[in-house]
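Student: Okay, handing you the structure first.
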Amino acid sequence: MLQIYNTLTRQKEIFKPIHEGKISLYVCGITVYDYCHIGHARVLVAFDVITRFLRSQNWDVNYVRNITDIDDKIINRAKENSEEYTHLTSRFIQAMHEDEKSLEIKRPDIEPRATAYIQEIIDMSKILIEKGHAYAASNGDVYYRVTSFADYGKLTNKNVDELLSGARIEVDEIKEDPRDFVLWKAAKVDEPSWSSPWGNGRPGWHIECSAMSKKCCGDTFDIHGGGPDLPFPHHENEIAQSEAANGRKYVNYWMHAGAVRVDGEKMSKSLGNFFTIRDVLEKYHPEVVRFLLVSSHYRSPINYSEDNLIEARAGLERFYGALRDYADVAPLALSNMQESNYYKAFVEAMNDDFNTRVALAGMYDLVRDLNNAKSDTVLAKNLAAQLKAFGLILGVLQENPEVFLQAGGSDAISAEEIENLIAERIQAKNDKNFARADEIRKSLLVQGVVLEDSKVAGTQWRRE
RNA sequence: GGCGCGAUAGCAAAGCGGUUAUGCUCUGGAUUGCAAAUCCAGUCAGUCCGGUUCGACUCCGGAUCGCGCCUCCA
């Protein structure tokens, strides 16, 4: 039985789909004016794991994640670069897809771009004006009339009156009310624009998601996800737009990922303390980064640090160490695992609001049993195949163990040189020249290479 | 000021009203020529103060501290 924590009700709820067996999932994606950072990676990985798991349980998931490809920051950045904004956005969309690929993040079923939904955005804005929820201002902007929507603030528990007294609302002669937010922005000179009933302009940020989700998921859909900083105002505004325009409930379950912190502070573009995915991958194996993100619950805040990455690597080394002799074993089909206690524990953990941490704990139990089973080949292969099946759902453990273990750390010494020294050491051992054998092992250790002698597999090595 | 979240052993991080979380580290043992890896055993918890209860890390109240949102941000 699937349970999901719903931001709207602030509690875990038993999930009930709109249509039996189906889930429509819309996640707010990236505004493409720069490289993705680790905070983006967190959301991307979280919903990737969620969709992988849901599909493994035979849910028919329609996963939609948008791209915001028109926006102030995009226009400004393009100007700075003296670059066409479409050129800028396509560059960063491509970069995002590369980053996703390296982190084993599967592409959503639909990846709508705001600029491809201008007509839908205009249509929705028109309806909002007709219904009295929005108005065209004198300068060609269109604004949402916040006070016209009685439920405004229900997602984040905001009181509309108190929003007025909030300190940081700008005074604006154009708007009827300082709380009103923009649906359509009149174009300034030299800005990209589309024609509309209110003159040339471009969409506001919030209306994009209302329009795209309506087209891709329907008026009411199951799950809406996003990053930790989106509930207010973005998702609050989406609710106001969609429920006012469609006259129906917008979303049944709201899911928000936890923040990534650096030194206890939120990592964000506005604070400038962010690490791009690319930065991190220069130093760490992509699977280590993904494993770090999967290692904690998707809603808890996580601290980004070298220590945590090193720990993530240590955890992965334990898994890959256990899988070392089973490189050719394929993940077991889930249909063959229904009776497995490991599988039951895994599914139970994941059904409980996608508790990857508990799922992982069960996988470590499996590792211990696998290490104990090495003499029973049939059993061991079955356990290894189960472990890989869980890994497949979490998006880890699919690499050749030997390759993973030998890839870490510095590559000051080549694999060939290492192999040669190992051969020399084996000879020394055969000659009972342990002094020379230990000397070789020590010299390799200094270069970050650990040797492991095994009766069965001979001498194996890994980088630390 | 408003809204919300959190405080768990050396570090990271979960569940649970009474029974081992888990990973890394540490200690002892097995194994090894010696190691490493692995296995077995073990040490180390629940910010503070009250309350409920036969019994609370787990529920309730309060305090303290930390964090997020309230402005573009995943």
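The values are calculated or read from the model by the stated rules, or taken from the named source; none is laboratory data. As the structure is a prediction and not an experimental result, all values here were calculated from the model. Cβ coordinates were reconstructed from backbone atoms using ideal geometry, including for glycine residues, and neighbour counts include every protein chain displayed. We work out accessible area using only protein heavy atoms, side chains counted, and drop any ligands, DNA or RNA first. Shrake-Rupley method; radii C 1.70, N 1.55, O 1.52, S 1.80 Å.
Student: Would you say A:PRO108 is of a type outside the set (A, V, I, L, M), outside any helix (DSSP H, G or I), over 20 Å from the mean Cα position of the chain (by Cα) and under 30 Å from A:GLN338 (Cα atoms)?
Tutor: No.
Student: Looking at (1) in contact with a Ser or Thr (Cβ under 8 Å, 6 or more places away or on another chain); (2) open to solvent by 30 Å² or more (accessible area, probe 1.4 Å); (3) of a type outside the set (Lys, Arg), find the lone condition where A:VAL189 falls short.
Tutor: Failing condition for A:VAL189: (1).
Student: State yes or no: is A:ALA345 within 18 Å of A:ALA46 (Cβ to Cβ), free of Cβ contacts under 8 Å to residues at least 40 places away in the same chain, aliphatic (A, V, I, L, M) and assigned to a helix (DSSP H, G or I)?
Tutor: no
Student: From A:GLY408, A:GLY391, which residue is of a type outside the set (A, V, I, L, M), at pLDDT below 95 and either open to solvent by less than 60 Å² (accessible area, probe 1.4 Å) or under 16 Å from A:MET363 (Cβ atoms) (or both)?
Tutor: A:GLY408
Student: For segment A:370-445, please list each of the helices (runs of 4 or more DSSP H) lying entirely inside it that holds at least 2 residues being out of contact with any Phe, Trp or Tyr (no Cβ under 9 Å at 6 or more places or on another chain) and farther than 28 Å from A:LEU103 by Cβ.
Tutor: Hits in segment A:370-445: A:377-394, A:415-430.
Student: Within segment A:254-268, is even one residue among the polar types (S, T, N, Q), surrounded by fewer than 20 Cβ atoms within 10 Å (Cβ to Cβ) and at pLDDT below 95?
Tutor: Within segment A:254-268 (the criterion being among the polar types (S, T, N, Q), surrounded by fewer than 20 Cβ atoms within 10 Å (Cβ to Cβ) and at pLDDT below 95), the answer is yes, since at least one residue qualifies.
Student: Out of curiosity, is A:ALA245 in contact with a helix residue (DSSP H, G or I) (Cβ under 8 Å, 6 or more places away or on another chain) and in the same structural domain as A:LYS22 (by TED's automatic domain parsing)?
Tutor: Yes: the conditions hold for A:ALA245.
Student: Checking the condition of a type outside the set (Lys, Arg) and touching a residue at least 40 places away in the same chain (Cβ under 8 Å), which residue from A:GLY264, A:GLY247, A:GLY218 passes?
Tutor: Selected residue: A:GLY218, the only one of A:GLY264, A:GLY247, A:GLY218 that is of a type outside the set (Lys, Arg) and touching a residue at least 40 places away in the same chain (Cβ under 8 Å).
Student: What about A:ILE426, is it within 14 Å of RNA strand B (Cβ to nearest atom), surrounded by fewer than 18 Cβ atoms within 10 Å (Cβ to Cβ) and touching a residue at least 24 places away in the same chain (Cβ under 8 Å)?
Tutor: yes
Student: Which residues, counting only those in segment A:7-36, are at pLDDT below 95, assigned to a strand (DSSP E or B) and not acidic (Asp, Glu)?
Tutor: A:GLN11, A:LYS12, A:ILE14
Student: Just checking, how many residues over segment A:352-386 are in contact (Cβ under 8 Å) with a residue 60 or more places away in the chain, within 12 Å of RNA strand B (Cβ to nearest atom) and of a type outside the set (D, E, K, R)?
Tutor: 3
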